[in-house]
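Where a number appears in this text, it was derived from the coordinates with a stated rule and is not lab data. What you are looking at is a predicted structure, and each value in this text was computed from that prediction instead of being measured. Glycine gets a Cβ as well: all are built from the backbone with ideal geometry, and neighbour counts include every protein chain shown.
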Amino acid sequence: MKFSGSNVLVTGASRGIGAEIAKTLAQFGLKVWINYRSKADAAENIKNEIEANGGKAAIIKADVTNEDEFTAAIKTIIDSDGELSYLVNNAGITRDKLALRMSVEDFTDVINANLTSAFIGCKTALKVMGKKRFGSIVNISSIVGEMGNPGQVNYSASKGGLNAMTKSFAKEAAARGIRYNAVTPGFIQTDMTNELKDEIKVEYEKNIPLSRFGQPSEIADAVAFLLSDYSSYITGEILKVNGGLYV
Ligand code: NAP
């Protein structure tokens, strides 16, 4: 894979899919900024692992739902490296409940964590990358934003919104040389899906044509492609990585 840019910010990179994206992008020679919110030790471990493998990494703390913190993090990166080439909006949460039991707070917390944070990231990236007329952003969405899921009215709304927002940013930013794409993972083995009961996991697996949950590295590979020069004519795309569960 070829990358004309030099560095990347991955939000929520202290564990799960974000951590794997950070490690993969470091292998391609990018300096990776590992964003975390609460688990400094976990972020430090990912940084150490990247450096032990000869990669470049730095840690940046920010709650990405907070505009001041998120934009300050991006400013720190610009002050340090002189540019931001790539952004992966990966941070996300679930607050699963059936709709009749879901409070407005359960709904807005998820919208803020999964959609508003990505808006802040996409907008700030447009501002800073626009100056260099180069950049690529990947939003980590979800299959649930495409097909819906019981117990996830809040989550599906956030990810469906993220898909639509990605397309609109792509159209607004193309003239400035900046690309916006999204990846929609199916069920991937992380802390988020470890919360599911075993019998539910077995039930889900029965419906997946590739007969298994995906690995975080399989999402990371798709993200690397969408950031890289290899996808230079792709923007506004929502790339499904779901083992065939929703095609
Ligand atoms: P995870 O293991 O729960 O990790 C989520 C990460 O996001 C953590 O590092 C967490 O940091 C961070 N985060 C959450 N809110 C944040 C905030 N406000 N500011 C900064 N960081 C924040 O989840 P995952 O499974 O890796 O999921 C990563 C992304 O993939 C999410 O957007 C998720 O919706 C999406 N996705 C996952 C699956 C799946 O099957 N796992 C499927 C489809 C889509 P802390 O450690 O501080 O909490």
| task | Between Leu210 and Glu51, with labels modelled 7 Å along Cα→Cβ, what's the label distance in nm to one decimal, could you check? | result | 3.4
| Of Lys2/Lys132; Lys47/Lys97; Lys123/Lys201, which sit over 30 Å apart, Cα to Cα? | Lys47/Lys97; Lys123/Lys201
| field | Burial ordering of Tyr233, Tyr155, fewest other beta-carbon atoms within 10 Å first | value | Tyr233, Tyr155
| Structure-based [θ]222 nm, the chain - -39500 (n - 2.57) summed over DSSP H runs of at least 4, per residue, nearest 500 | -14500 deg cm²/dmol
| query | Around Asp229, what is the net charge, scoring Lys/Arg as +1 and Asp/Glu as -1 over all other residues with Cβ under 11 Å from its Cβ? | reply | +2
| remark: Here the relative contact order (percent) of region 127-196, from C-alpha pairs under 8 Å and at least 6 apart, is 42
| query | Given H placed on each backbone N at 1.01 Å, which residues far from Ile59 in sequence or on other chains put an amide H within less than 5 Å of it? | reply | Ile34
| task | Provide Ser158, Ser38 in ascending order of the number of other Cβ atoms located within 10 Å of each residue's Cβ, fewest first. | result | Ser38, Ser158
| Percent RCO, i.e. relative contact order, over the chain, from Cα pairs under 8 Å lying at least 6 residues apart | 21
| note | Neighbours of Thr166 by Cβ distance under 15 Å: Lys/Arg at +1, Asp/Glu at -1, summed charge +3
| task | Any chance you could give the angle, 0 to 90 degrees and rounded to 10, that helix 16-27 forms with the longest Cα principal axis of the chain? | result | 30
| Hey, quick one: spin label on Asn194, modelled 7 Å out along Cα-Cβ, who in region 228-247 has an amide N within reach, i.e. under 20 Å? | none
| note | Ranked by GNM mean-square fluctuation in the chain (Cα springs under 10 Å), the top entry among Ile111, Ile78, Ile178 is Ile78
| task | Subtract the Cα-Cα distance of Phe225 and Asp68 from 0.36 nm times their separation in residues, and report this length gain in nm to one decimal. | result | 53.5 nm
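What is the mean projected area of the alpha carbon convex hull for region 7-240, to one decimal in square nanometres? Kindly include the intermediate steps, with their values, before the conclusion.
Working: hull surface 50.0 nm².
Averaging across all directions leaves 12.5 nm² for the Cα convex hull.
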| task | Enumerate the aspartates and glutamates that Lys131 could reach by cross-link, defined here as Cα to Cα under 18 Å, with residues fewer than 8 away along the same chain left out. | result | Asp79, Asp81, Glu83, Glu172
| Can you list the residues of region 194-221 with backbone N under 17 Å from a point 7 Å past the Cα of Val247, pointing along Cα to Cβ? | 205-214
